[in-house]
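Here is the structure we will look at, set down as structure tokens.
Please treat every number below as a calculation from the coordinates, not as lab data. No experiment lies behind these values; they were computed from the predicted model shown. A quick note on method: Cβ atoms are made from the backbone with ideal geometry, for glycine too, and the neighbour counts reach across all protein chains shown.
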Amino acid sequence: MHLVIDGYGGDVEKMWDQQLVRDFLDQFPSKLAMTPITEPQVLKYTGDNVEDAGVSGFVIIAESHISIHTFPYRQYVNIDIFSCKSFDDQRALAEAKQLFDLTDVKTWLLDRGLEWADARQGRAEVQLQRGSLGSGDLSSPRV
């Protein structure tokens, strides 16, 4: 599942706060029963277009990743929480809103990887693919 959050308004000072973003990315995965496999990476960006400046952070989790990009001059943030296992999207949204004191959000919840809804189905699909490769029958590959 993939929760996409576009956040508006909120606290501009928090949007500049690299330590706030780092702490969130360090602590948040465990709140959703996810497993971080890297330290959070957080960078401040300033470029030719002042409105593009902000803070970006990313943590890779065993289940996929969580990313944050802030645009303080626009009073805008985008946050992606992508996981191959289900998580409490309402809790995740509430925590993201609170992190930056967002006044408005647009969200999308995408279901991804539905063809392998559980481990049994995943194993069956892999066996089918391997059997097809072993028999030389590549007429209808399943990717």
Worksheet item: Karplus couplings for the stretch 19-27 from phi (6.51 cos²θ - 1.76 cosθ + 1.60, θ = phi - 60°), rounded to Hz, Gly and Pro as x?
Response: 5, 4, 5, 4, 4, 4, 5, 6, 9
Item to complete: Would you kindly state how much longer the chain becomes between Asp88 and Lys106 on full extension, computed as 0.36 nm times their sequence separation minus their alpha carbon distance, in nm to one decimal?
Response: 4.8 nm
Fill in: Loop sites in the stretch 1-106: trypsin sites (Lys or Arg not before Pro), DSSP, at most 15 other Cβ within 10 Å
Lys85
Worksheet entry | Within-13-Å neighbourhood charge of Tyr8 [Cβ basis; K, R +1; D, E -1] | -1
Discussion item. Net charge within 15 Å of Leu20 by Cβ-Cβ distance, Lys/Arg positive one each and Asp/Glu negative one each, not counting Leu20 itself?
Written reply: -3
